[in-house]
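Taking it in order: structure first as C-alpha cells, then the write-up.
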Amino acid sequence: MNIHFNDKLLFDKFLRATLAQVQVGSVLYGLHDEQSDTDMLCIYFPFHNQTYSFVQTHHQLQYKDTLTRTDYLFVDVFSFVRNALSGDSTLNFEALHCESLLQTPLHFLYASRSCFYNYPVIKSYLGFAQRDLKQYWQQPTERDAIKKYIHAERGYAFAQQMLAGSLTLQSPVLLEKKVLFSGLLPAERKRVLHQLQADVDTFRKTKANAALEAGHLTRYMQPDHQKQLDQNLYSLRQTPQFQMACTETMAMELFYEVNENGILYDQPNVTFKKN
C-alpha cells in the first residue's frame, strides 16, 4: 500500500532528507511504453520523531508531482532494508540492483545485494506470480491483462535467478515473451498461463523448498552480513541528510491513521492506494 499525501512543504522536507533516488517501475525491466508512469523511489534518513516512534510500517509515502507527471515514493532507509529482506516490498528489493546507488551514500547496498537473496523474498516473488496469473482474466483492458502475465513471468524468472545467485533486472527474453503472448489467441494464452502456473508451483515445491532445507538459502541473512550491514547503516550518521533529519520532524499521523483505520479515502490530505 502507498500512503498518499499532498503537502508540498513535507515533500520538500523529504527530498532534503533523501539519501538516494532510484527510478523504478517498468523502466527497470525494460518493459515500459508510452503510457508508463514515471516513478521515483526516494530513500531518506528518518526524521527525529520517526526514529523515536514505536511505529514501524512497510507502507511507503507517495506524492504526485502533476507538473512533471512523476510519482515520488518515500521510504526511510531502515524500512527499506527491512522490506527488501522480508519480501514485503519487492520494489525495495529490486532497487538494490540499480547501479545509480553507487553514486550515493547507499552504495554499500548495491555491493551487498546478493546477501538479500533469501527464502522469504523468493517465496514472495512466486506468490505474486500466482496472484497475477489468477487475476489475468479479471483485467479491464488488454494492456492490463498482458501486464499481469508479464509480471508473473518476471516474478518466476527473478525467483530462478536468485536461487542461481545472480539477478538481472532487464532481460530481452521477457520482452520477447510479452510480444509473443500479445499475438496469441485466447485459447493459446490459456495454455501458456496454465503452464506458467504449473512451473511456478513445481519450482516452489522442488527447488526453493529443497534449497532451504539443504541450507543453500538463508531464512533471513547470514549473521556476519547482518553485522556489516548495521555498521554501514551506522556510518550514515556522517551524511548531511542525517544532520538535517535529526533536527526535523514529520507528521506521524500519516502512519497512525493506517495502523488504526487501514485504507481511508475521505481525508483531505491523506489517501491510500494499492501498489
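The values are calculated or read from the model by the stated rules, or taken from the named source; none is laboratory data. Nothing here was measured: the structure is a model prediction, and the numbers come from that model. All Cβ positions, glycine included, derive from the backbone under ideal geometry; neighbour counts span all protein chains shown.
Take D88 and decide whether it is acidic (D, E) and not in a helix (DSSP H, G or I). It is true that D88 is acidic (D, E) and not in a helix (DSSP H, G or I).
Reported count of residues in segment 113-145, each being over 15 Å from the mean Cα position of the chain (by Cα) and β-branched (V, I, T), is 1. Residues that are free of Cβ contacts under 8 Å to residues at least 40 places away in the same chain and within 24 Å of T90 (Cα to Cα): does segment 174-185 have at least one? Yes; the residues of segment 174-185 include at least one that is free of Cβ contacts under 8 Å to residues at least 40 places away in the same chain and within 24 Å of T90 (Cα to Cα).
This table checks each residue for (1) surrounded by fewer than 20 Cβ atoms within 10 Å (Cβ to Cβ); (2) over 23 Å from V22 (Cβ atoms); (3) small (G, A, S); (4) without any contact (Cβ under 8 Å) to a residue 24 or more places away in the chain.
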site	(1), (2), (3), (4)
Y110	yes, no, no, yes
F116	no, no, no, no
Q130	yes, yes, no, no
L133	no, yes, no, no
I146	yes, yes, no, no
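Identify all residues within segment 65-97 that are among the aromatic types (F, W, Y) and either farther than 22 Å from D37 by Cβ or free of Cβ contacts under 8 Å to residues at least 12 places away in the same chain (or both); write none if there are none.
Within segment 65-97, F78 is the sole residue that qualifies.
Out of V27, V81, V22, V75, one residue alone is crowded, with 20+ Cβ neighbours inside 10 Å, part of a helix (DSSP H, G or I) and of a type in the set (A, V, I, L, M). It is V81.
Within segment 211-229, none of the residues are free of Cβ contacts under 8 Å to residues at least 60 places away in the same chain and of a type in the set (S, T, Y). Consider segment 40-54 and keep the residues that are within 24 Å of the chain's Cα centre (by Cα) and in a helix (DSSP H, G or I). The one that is surrounded by the most Cβ atoms within 10 Å (Cβ to Cβ) is Q50. Considered as a group, the residues in segment 183-198 that are closer than 15 Å to K147 by Cβ and under 26 Å from the mean Cα position of the chain (by Cα) include one that is surrounded by the fewest Cβ atoms within 10 Å (Cβ to Cβ), and that residue is L193. For segment 59-69, the condition holds for no residue, the condition being that it is surrounded by fewer than 22 Cβ atoms within 10 Å (Cβ to Cβ), within 16 Å of the chain's Cα centre (by Cα) and closer than 21 Å to Y110 by Cβ.
Of all the criteria given as (1) outside the structural domain of G30 (by TED's automatic domain parsing); (2) closer than 26 Å to D76 by Cα; (3) among the polar types (S, T, N, Q), the one not satisfied by T202 is (2). Among the conditions (1) under 18 Å from Y29 (Cβ atoms); (2) at pLDDT 95 or above; (3) of a type in the set (S, T, Y), S89 misses just one, which is (2).
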